[in-house]
1. Please find, among 58, 85, the residue that is touching a residue at least 24 places away in the same chain (Cβ under 8 Å), part of a helix (DSSP H, G or I), in contact with a helix residue (DSSP H, G or I) (Cβ under 6 Å, 6 or more places away or on another chain) and more than 27 Å from residue 215 (Cα to Cα).
2. Restricting attention to segment 193-243, and to residues there that are within 18 Å of residue 155 (Cα to Cα) and touching a helix residue (DSSP H, G or I) at 6+ places or on another chain (Cβ under 8 Å), which single residue is surrounded by the most Cβ atoms within 10 Å (Cβ to Cβ)?
3. Restricting the search to segment 19-29, which residues are closer than 24 Å to residue 127 by Cβ and out of contact with any strand residue (DSSP E or B) (no Cβ under 7 Å at 6 or more places or on another chain)?
4. Return the residue satisfying two criteria in turn: it lies in segment 12-28 and is surrounded by fewer than 19 Cβ atoms within 10 Å (Cβ to Cβ) and touching a helix residue (DSSP H, G or I) at 6+ places or on another chain (Cβ under 7 Å), and of such residues it is nearest to residue 197 (Cα to Cα).
5. Any chance you could count how many residues in segment 177-192 are out of contact with any helix residue (DSSP H, G or I) (no Cβ under 9 Å at 6 or more places or on another chain) and farther than 17 Å from residue 241 by Cβ?
6. Could you list, ordered by first residue, the pairs with Cβ atoms under 7 Å in which the first is in segment 122-145 and free of Cβ contacts under 8 Å to residues at least 24 places away in the same chain and the second is crowded, with 21+ Cβ neighbours inside 10 Å, at least 6 apart or interchain?
7. Scan segment 105-135 residue by residue and report those that are within 15 Å of residue 157 (Cβ to Cβ), touching a strand residue (DSSP E or B) at 6+ places or on another chain (Cβ under 9 Å) and part of a loop (DSSP other than H, G, I, E, B).
8. Residues in segment 30-52 that are in contact with a strand residue (DSSP E or B) (Cβ under 9 Å, 6 or more places away or on another chain), under 16 Å from residue 89 (Cα atoms) and assigned to a helix (DSSP H, G or I): how many?
């Protein structure tokens, strides 16, 4: 089995617990205005790799993972290639490797039995999900990403109902996602979930801007500034991260 891969990071420290081997997949159905990996949107320039090749690469660094570390698949949207991720995780679990998925949950369709079955198979081998909720309001989620948030919220409930651990990630952008009422509504939704271990507020940054210039893509947030520490702390307090 092969997948379209963008790149690896051998010693990731911000994509789940511990030190992690991060695999960035190519392809994504969303077009987030603040995406810092626009070079993963399409399959152009992808490297075709087999699951066994990735397993071999992961095992090279096994001694660094300790009890907390492992592998994280990211992107792009790794679950656009869900069959590959499931098989990769199945093989890695035979070596006792901790497995994590960084996802928007957009590939999950609760009304499609095939989609549900594929995600049920995946969670047999996935230890943790980093779930990106871009916005709690579907219309604003559409402004940010080009798509509504129904599948994302359904996937959060699916993970909760199946007892799968998750971290919720929320990118704070002053002009797009920094509204107290909306953040409170997000907190109310999170409170309905039973398996959320952590909530991360990620301040908007401009580090990906140069990639847009190199790719010849218009960067629509060119006039946006990162949120102040006060606004980041405010969001953290509403979400219960800060007391």
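1. Result of the check over 58, 85: 85.
2. Filtering first and then ranking leaves 199.
3. 28
4. If we take residues in segment 12-28 being surrounded by fewer than 19 Cβ atoms within 10 Å (Cβ to Cβ) and touching a helix residue (DSSP H, G or I) at 6+ places or on another chain (Cβ under 7 Å), then 18 is nearest to residue 197 (Cα to Cα).
5. Summing the residues that are out of contact with any helix residue (DSSP H, G or I) (no Cβ under 9 Å at 6 or more places or on another chain) and farther than 17 Å from residue 241 by Cβ in segment 177-192 gives 1.
6. Qualifying pairs under 7 Å: 138/149; 141/134; 141/135; 141/149.
7. Scanning segment 105-135 gives 105, 123, 133.
8. Going through segment 30-52 one residue at a time, the tally reaches 1.
The values are calculated or read from the model by the stated rules, or taken from the named source; none is laboratory data. Just so we're clear, the structure is a prediction, and the values are computed from it rather than from any experiment. Methodologically, a virtual Cβ is constructed for each residue, glycine included, from the backbone with ideal geometry; neighbour enumeration extends over all protein chains shown.
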